[in-house]
Amino acid sequence: MIRPVLFVDLPGIIYAMDRHARSPKHGIANFVCWLEPVERDSLPSPILRNLLPLTPASRTWICEDHWQLLGFAQMNERPARKAWDLSYLASMRNRNVSSEEVLSALLDYTLEMAGAHGILRIFAKVEDEVPEVDMFVRSGFQRYARELTYVYEPGTTLPEQGEQLSSLRKWHRHYAWGLHQLYRATTPQRVRMAELLENSEEYAKLHVGPQRWFSPWNENYVCDVGVRLGAWLRICRGHNTIPHRLSLIVHPEHADLAEPLLRFGMRRLLEADVRRIYCLVREYDSCVITALCNSGFEQSTTRLLLVRHVASLATRQSTVPLLEQRAVYGLKGLGTVNSRQKLMR
């Protein structure tokens with residue numbers, strides 16, 4: 001049986017337990033999709049998520065048999081409320097039930113729920129070359145890019161200071177249109193067609209965050225070169241066990257901005273707290289990848305970016321305006337509401 005679970009970040013709790021259990025023994029679940037610690041850091045606490053409309057809504061479903069947990073899936077809704085991100089998909093380790101059977105059932109159920117809620121696209125990240133990729137392909141998902149994770153292990157000294165950036169500006173909401181144009185200039189057409197991020201405000205909310213929500217851990221900068229934005233940088237300070245994170249987009253015509261902007265972000269993070277720095281970059285961002293390698297970052301993982309376009313279920317029958325008395329309502333209590341009813345045949 002598959003049913004929803006409300007107001008509890010069950011996948012995040014089990015993921016943390018699984019990561020802890022993997023050190024001395026084996027894990028307790030098979031995670032196909034999960035949120036990295038730096039990705040979870042961008043979301044406020046569960047209490048804030050439930051009380052205030054600061055982030056997209058989360059929906060969690062569990063698969064169980066006689067109260068025994070077999071697996072779970074969680075979706076996060078994007079700002080425009082037309083797309084979901086598959087944040088977690090996992091099956092519990094169980095000798096009596098096939099992991100593939102549980103995962104397939106959960107994936108099919110989430111697709112059905114997406115259609116019922118008017119969702120048009122579902123996005124997922126899956127590790128490259130894992131066998132579960134075939135399951136996504138059978139469910140209609142398509143690969144449109146790869147995402148590479150680069151990690152910087154800090155030493156005893158800070159990175160060298162790069163050249164001064166006279167075009168560096170702190171983020172302001174009026175840069176939203178320029179940021180969207182920067183995305184269009186750096187992103188292949190096949191990726192833009194898969195993501196369909198045609199609204200600049202939506203794109204800014206997705207990557208910069210809601211403007212009404214202030215976070216002391218996140219900062220955004222742009223390099224304004226006059227006619228366009230040459231680059232965008234986001235730095236997210238880690239806290240507790242969460243590492244630092246950098247996000248960087250650089251215009252192809254201003255590739256020389258990549259390395260000094262990256263060094264600026266690294267120093268700003270490490271001056272506050274010396275800890276590991278993560279950067280998630282897509283395979284086609286060659287100038288950013290070069291800057292990361294030149295600055296001491298090393299690649300750790302590769303994940304496939306998948307998308308599934310969902311067809312909403314159409315249930316409305318063909319209707320015509322009510323023009324004459326021979327029509328049969330079949331409903332009561334309509335009052336003065338204007339209605340469109342089927343004609344008798």
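The values are calculated or read from the model by the stated rules, or taken from the named source; none is laboratory data. Because the structure is a prediction, the values reported are computed rather than measured. Here the Cβ positions follow ideal geometry from the backbone for every residue, glycine too, while neighbour counts run over all protein chains shown. Accessible surface is based on the protein model in full, side chains and every heavy atom, while ligands, DNA and RNA are left aside. Shrake-Rupley method; radii C 1.70, N 1.55, O 1.52, S 1.80 Å.
What nm value, rounded to one decimal, do you get for the distance between A311 and A255 when each label is placed 7 Å out toward the C-beta?
Distance between label points: 4.3 nm.
Kindly write out, for the range 287-292 in residue order, the coupling ³J(HN,Hα) from the Karplus curve 6.51 cos²θ - 1.76 cosθ + 1.60 (θ = phi - 60°), rounded to whole Hz, with x marking Gly and Pro.
5, 5, 4, 4, 5, 5
Which FRET efficiency, nearest 0.05, do R192 and N94 yield, Cβ-Cβ r, R0 41 Å?
0.50
Tell me which residues come under 5 Å, amide H to amide H, from A231 once H is placed; ignore anything under 5 positions away on its chain.
C223, H251
Any chance you could run the full-extension gain for H174 through E101? It's 0.36 nm times the residue separation minus the Cα-Cα distance, nm to one decimal.
21.4 nm
Cα extents of the range 117-195 along the three principal axes, largest first, in whole Å?
Taking the Cα atoms of the range 117-195, the three principal extents are 50, 38, 25 Å.
So what's the net charge close to T149: Lys and Arg +1, Asp and Glu -1, counting the other residues with Cβ under 14 Å from its Cβ?
Within the 14 Å Cβ shell, the charges total -3.
Any idea how far apart H239 and I28 come out in nm if each label point goes 7 Å out from Cα toward Cβ?
The modelled label-to-label distance comes out at 2.7 nm.
On average, how much accessible surface per residue is there in the range 150-302, in Å², for a 1.4 Å probe, leaving out ligands, DNA and RNA?
For the range 150-302, the per-residue accessible area is 50 Å².
With θ taken as phi - 60° and the coefficients 6.51, -1.76 and 1.60, list the Karplus ³J(HN,Hα) couplings across the range 177-185 in order, rounded to whole Hz; mark glycine and proline as x.
5, x, 5, 5, 5, 5, 4, 5, 6
Would you kindly state how much longer the chain becomes between S300 and H117 on full extension, computed as 0.36 nm times their sequence separation minus their alpha carbon distance, in nm to one decimal?
62.2 nm
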